[in-house]
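What follows draws every value from the coordinates through simple rules; no lab data is involved. It should be emphasised that the depicted structure is a prediction, and the values quoted were computed from it without experimental measurement. All Cβ positions, even for glycine, are placed from backbone atoms using ideal geometry, and neighbour counts span all protein chains on display.
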Amino acid sequence: MFSVKDKIVFITGVSRGIGRAIARGFVEHGAIVYGSIRNEQYKDELLKENIYPVIYDVRNFQVAEKTLLPIYEKEGRIDCLINNAGISSNTPASLFKEEEVRKIIETNFEGAFFLCQTYYKLQKKYKIKQGNIINIASILGLVGTMLASIYSGTKGAVLQLTKSLAIEWANSNFRVNAICPGFIETDMTENMQKREELKNKILENIPLKRLGKPEDIVGAALFLASDYSSYMTGQYIVIDGGLTCQ
Ligand code: NAI
């Protein structure tokens, strides 16, 4: 039951970071992994790792169906959709310009929603009687912090989207869950990692006394994609070294 062998998985944002680690983890466990990238740059290195690259910018959701169709034509189904692509910002709330706000909302929230919708419709079209969605949210969808107003808002929205879709699509045998990472060592947190004082302050508050690694997120994704989590929907798993438990 804890197997994802031969499952067809589509993950957004696999060029690096958490998305890449999740893609690798699924390949290692025998899944057939399609991963979205925004341009050709990472194509060859992904292919070397047996991750099938798909060019797709999640803000371009008008072409979501066209993007997923070739996978359906080849594999007949997608067993699990993982919405991982995301962007953050350190802009103070008082200084945000509309363009940046729109970009974060389109990437983190609308991008995830429209892929969920497209996935649901295509599973129906191809007469697949189930579906499984994992949204990568954030602990900042649960709590707030400095300089995270819009990012935090989109991640909270992703969590509520997860719960609402779980209810709305339960009759169609779809499960929809989320993962909330804490501070993970990726390009997204590079600025924080470079600022020794800030990093130490964050570490002081993390009971496990270290930042997370992208690989720390993989186990939860495998679990949620596997049949071991078959009675679980509308939930989130927090992976933050204990930061938000106090
Ligand atoms: P990252 O910046 O290393 O990677 C983000 C990935 O998303 C990249 O592959 C990038 O190309 C892709 N991406 C960004 N905009 C895109 C778009 N419009 N279309 C397609 N792909 C796009 O970041 P990281 O840390 O790996 O983040 C992955 C997810 O985890 C994000 O949703 C992020 O919000 C979430 N997260 C990260 C945390 C961290 O501490 N690193 C903490 C909590 C959540």
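Distances over 21 Å make up what percent of all Cα-Cα pairs in the range 60-133? Provide the component values of the computation, followed by the final result.
Numbers: 998 of 2701 pairs.
Roughly 37 percent, once rounded to a whole number.
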Straight-line reach from LYS127: which aspartates and glutamates fall under 15 Å, measuring Cα to Cα and dropping same-chain residues less than 8 apart? GLU73, GLU75, ASP79
Enter the Cα centre distance for the pair the range 1-72 and the range 106-162, rounded to the nearest angstrom. 17 Å
If you build a Gaussian network model of the chain, linking Cα atoms that sit under 10 Å apart, which residue out of ALA148, ALA112, ALA21 swings the most? ALA148
Place +1 on the Cβ of every Lys and Arg and -1 on the Cβ of every Asp and Glu in the range 38-142, take the dipole about the Cα centre, and give the residue among LEU81, THR107, PRO53 whose Cα lies farthest towards its positive end. LEU81
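Taking Cα pairs under 8 Å and at least six residues apart, what relative contact order does the range 8-241 come out at, in percent? Working shown, then result.
Values: 410 pairs, mean separation 46.2, N = 234.
Contact order relative to length: 20 percent.
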Which of VAL27, VAL176, VAL58 ends up with the largest GNM mean-square fluctuation for the chain, with Cα atoms connected below 10 Å? VAL27
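What's the ranking of 130-141, 33-44 by average number of surrounding C-beta atoms within 10 Å, highest first?
Working: 130-141: 24.4, 33-44: 18.0.
For the peptides 130-141, 33-44, the packing ranking is 130-141, 33-44.
Summing Lys, Arg as +1 and Asp, Glu as -1, what charge do residues with Cβ under 15 Å from the Cβ of GLY182 carry, GLY182 excluded?
+1
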Can you pull out the chymotrypsin sites (Phe, Trp or Tyr not before Pro) in the range 170-246 that DSSP calls coil and that have at most 10 other Cβ atoms within 10 Å? TYR231
Too long for a 21 Å Cα-Cα cut-off, among LYS97/LYS194; LYS155/LYS201; LYS7/LYS125; LYS103/LYS199; LYS43/LYS125, are LYS97/LYS194; LYS155/LYS201; LYS103/LYS199; LYS43/LYS125
Which far-off residues, 5 or more places away or on another chain, put their amide H under 5 Å from the one on ASN132, with H placed in the peptide plane? LEU81, ARG175
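Roughly how many debye, to the nearest 20, is the charge dipole of the range 28-67 about its Cα centre, given +1 on each Lys and Arg Cβ, -1 on each Asp and Glu Cβ, and no other charges? The partial results should precede the final answer.
Working: 5 positive and 7 negative charges, 35 e Å.
The calculated dipole for the range 28-67 is roughly 160 debye.
Counting Lys and Arg as +1 and Asp and Glu as -1, each charge on the Cβ, what is the dipole of the range 140-212 about the Cα centre in debye, to the nearest 20? If you can, show how the numbers build up before the last one.
Working: 9 positive and 7 negative charges, 30 e Å.
That gives a dipole near 140 debye.
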Signed unit charges on C-beta, dipole axis of the chain, positive-most listed residue PHE183, VAL4, LEU165: LEU165
For ALA178, enumerate residues with amide H under 5 Å from its amide H, sequence gap 5+ or separate chain, H modeled in the peptide plane. ASN135, GLN235, TYR236, ILE237
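What ranking of GLU196, GLU168 emerges when the number of other C-beta atoms within 10 Å of each C-beta is taken as an exposure proxy, fewest first?
Numbers: GLU196 8, GLU168 12.
Going from sparsest to densest Cβ surroundings: GLU196, GLU168.
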As computed over the chain, the Cα convex hull volume per residue (Å³): 129 Å³
Net charge dipole size for the chain [Lys, Arg +1 and Asp, Glu -1 on Cβ; Debye, nearest 20]: 440 debye
